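Report on the following structure.
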Amino acid sequence: MEFIILLGSVALLMYGMKVMSEGLQKMAGGKLRNILGTMTTNRFTGLLTGAFITTSIQSSTATTVMTVSFVSAGLLTLSQAISVIMGANIGTTATAWIMVLGGSFDMRMIVYTAIVVAIALIYNKKNANLGEFIMGLALMLLGLTTLKMNAADMHLDQNTAITDFMASISGWGYGSYLLFLFIGGILTCAVQSSAAIMAITMTLCSTGVLDIYMGIALVMGENVGTTITSNIVALSASVQAQRAARAHLIFNLFGVIWVLCIYRYFVDFVCSMVGCDPQNVGNPIILNAVLAAFHTSFNVCNVLILIWFIRPMEKLVCMLVSKKEGGEDEELRLRYIGGGLLSTAELSILEAHKEINVFVDRCLRMYNLTQDLLHTTKGEDFNKLFSRIEKYESITDHMEIEIADYLTQVSEGRLSIESKQEIQRMMRVCSELESIGDSCYNLARTIRRKREYGKEDFTAKQYQHIHSMMQLSLEALTQMKTVVEQTGHRYVDLNRNYNTEHEINNYRNQLKTQNIIDINNKLYDYQMGVFYMDMISECEKLGDYVINVIESTGVAEKKLRP
């Protein structure tokens with residue numbers, strides 16, 4: 001019975017932290033991302049930013065994910081990202097102090113009151129995110145309180161089997177420390193929550209099952225274990241994501257190595273700061289404070305040492321994770337969302353935004369290849385270039401399906417109203433971008449059919465008109481790229497975009513009329529006129545798709561098409 005309550009308490013703690021983190025990110029996710037993008041001008045501001053954000057949202061994983069996103073988007077350098085990750089390690093130590101405060105007295109009355117307030121706010125709709133945060137905090141504190149009370153009822157210190165086992169493996173010197181360090185890492189990987197293992201460690205130490213040295217070894221293992229999870233996830237992610245994950249692992253491994261060299265001295269120093277005897281702590285509250293103090297001291301000291309070696313760390317992770325020349329096959333991989341859903345739906349939406357930006361870049365690249373195809377004369381070069389365009393068309397189909405499936409999974413989680421609307425907009429954008437890819441492929445097929453026709457070529461005047469139309473389409477695509485990337489600005493001036501589309505429509509109508517006149521004047525035969533107008537009309541369709549993308553982003557919600 002007690003064991004079931006123990007598992008339930010840990011599960012309640014983990015779930016409460018998750019709900020609390022999600023609620024905070026829904027309330028301030030955009031603001032926190034803006035802070036992350038603007039307040040990392042040097043290693044010290046990056047450190048403070050990482051610590052502030054992680055303390056706010058109680059999730060170092062979430063901070064790391066946001067950091068990697070900004071690195072991949074070119075908004076942060078890798079060295080700036082490393083400083084933010086260092087700050088995240090300091091920020092995550094606040095969780096242990098919350099556990100110390102929450103477990104020091106019976107908080108059930110406060111917890112139940114908070115749950116009532118949270119439910120009222122959630123049903124109020126307007127303050128649902130705040131209610132979710134309060135509910136998560138209440139569940140976390142309830143889990144801590146239940147865990148503490150259940151541990152006392154279990155009387156683990158009187159269980160001879162457990163005490164004898166612990167006594168047998170506690171006499172191995174540094175071997176015992178390494179064993180518990182390994183166990184802490186494995187357990188953290190298994191449950192994917194360093195907070196849960198920290199709570200279990202505090203419970204074992206406070207009941208007298210573990211002495212302070214073994215408990216701290218478990219805490220060190222948790223620090224390593226939480227980085228292993230992110231490294232596994234990063235295996236299917238971008239090169240920059242892998243480098244950031246490796247930097248996180250190197251940071252914590254370095255800390256573990258130097259602390260092990262002076263282990264007992266460092267633990268005794270932390271105990272002296274708290275004001276207790278490491279051989280006989282006695283008071284469970286003081287013992288938990290020692291664990292939290294060690295967790296903080298470990299990460300702070302590690303940062304004070306390594307913050308001066310960020311450049312060497314950057315070079316090391318670049319050597320460990322070299323940029324692979326993937327060629328064209330690399331284009332088939334999604335860059336940001338290949339590792340499954342992230343810690344929260346809000347962050348998953350951010351990653352999908354980055355993937356859509358890549359989608360836009362690939363559409364632009366495909367269009368430029370189509371322009372090159374128009375002037376490729378050699379048969380072998382023409383076939384090779386057409387095959388590349390054909391491959392890009394399959395890439396756009398693949399990206400639309402993968403991003404849409406990903407967003408569908410995200411939509412199944414708990415989302416704010418704004419996030420649900422954002423997902424709908426993003427799915428429409430993906431559909432229109434795939435249509436742009438189809439349009440580019442249709443242009444390439446028309447060029448190939450004209451080449452296979454073989455009787456004659458476009459006239460100089462036709463080429464001039466095609467170039468002008470394709471230049472207008474390129475201008476529209478470039479403007480679209482700018483709008484799509486401005487995810488933080490909901491309303492922008494789109495007059496230029498609509499003027500370009502209006503210009504494309506007028507030019508198409510003008511050329512359509514002129515084409516009939518030129519065919520009647522026998523400047524070229526009817527079939528060449530068909531190929532010519534197919535290209536002009538396809539460029540005009542492409543312009544329509546561009547406007548559809550822009551309107552789907554939501555930036556034009558208060559604008560009317562001319």
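Checking Gln424, Gln409 one by one, the residue that is within 22 Å of the chain's Cα centre (by Cα), surrounded by fewer than 18 Cβ atoms within 10 Å (Cβ to Cβ) and modelled with pLDDT of 85 or more is Gln424 and no other. Residues in region 446-472 that are over 45 Å from the mean Cα position of the chain (by Cα) and not acidic (Asp, Glu): Lys450, Arg451, Tyr453, Gly454, Lys455, Phe458, Thr459, Ala460, Lys461, Gln462, Tyr463, Gln464.
So, Tyr507, is that one in the same structural domain as Glu422 (by TED's automatic domain parsing), out of contact with any Gly (no Cβ under 7 Å at 6 or more places or on another chain) and surrounded by fewer than 14 Cβ atoms within 10 Å (Cβ to Cβ) or not?
Working: in the same structural domain as Glu422 (by TED's automatic domain parsing): yes; out of contact with any Gly (no Cβ under 7 Å at 6 or more places or on another chain): yes; surrounded by fewer than 14 Cβ atoms within 10 Å (Cβ to Cβ): no.
So Tyr507 does not fit the description; no.
Of the residues Val300, Val281, the single one that is at pLDDT 90 or above and assigned by TED's automatic domain parsing to the domain that holds Phe182 is Val300. Applying the criterion of being touching a helix residue (DSSP H, G or I) at 6+ places or on another chain (Cβ under 6 Å) and under 28 Å from Ile349 (Cα atoms) to the residues of region 315-331, the residue that is modelled with the lowest pLDDT is Glu331. Restricting attention to region 303-321, the residues that are among the β-branched types (Val, Ile, Thr), more than 19 Å from Gln242 (Cβ to Cβ) and surrounded by 18 or more Cβ atoms within 10 Å (Cβ to Cβ) add up to 1. Ala217 meets the stated requirement of being modelled with pLDDT of 80 or more and over 25 Å from the mean Cα position of the chain (by Cα). Considering (1) assigned to a helix (DSSP H, G or I); (2) over 30 Å from Asn127 (Cα atoms), the lone condition that Tyr406 does not fulfil carries the number (2).
Residues checked against (1) surrounded by fewer than 18 Cβ atoms within 10 Å (Cβ to Cβ); (2) part of a helix (DSSP H, G or I):
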{"site": "Tyr441", "(1), (2)": "no, yes"}
{"site": "Ala444", "(1), (2)": "no, yes"}
{"site": "Arg451", "(1), (2)": "yes, yes"}
{"site": "Glu456", "(1), (2)": "yes, no"}
{"site": "Gln462", "(1), (2)": "no, yes"}
{"site": "Ile466", "(1), (2)": "no, yes"}
{"site": "Ser473", "(1), (2)": "no, yes"}
{"site": "Thr478", "(1), (2)": "yes, yes"}
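Within region 464-485, residues that are free of Cβ contacts under 8 Å to residues at least 40 places away in the same chain sit with their Cβ atoms under 6 Å from residues that are buried (at least 20 other Cβ atoms within 10 Å of the Cβ), at 6+ positions apart or across chains, in these pairs: Glu475/Thr500. Somewhere in region 366-389, is a residue free of Cβ contacts under 8 Å to residues at least 60 places away in the same chain, in a helix (DSSP H, G or I) and of a type in the set (Gly, Ala, Ser)? Within region 366-389, one or more residues are free of Cβ contacts under 8 Å to residues at least 60 places away in the same chain, in a helix (DSSP H, G or I) and of a type in the set (Gly, Ala, Ser).
The values are calculated or read from the model by the stated rules, or taken from the named source; none is laboratory data. Fair warning: this is a prediction, and the values are worked out from it, not measured in the lab. All Cβ positions, even for glycine, are placed from backbone atoms using ideal geometry, and neighbour counts span all protein chains on display.
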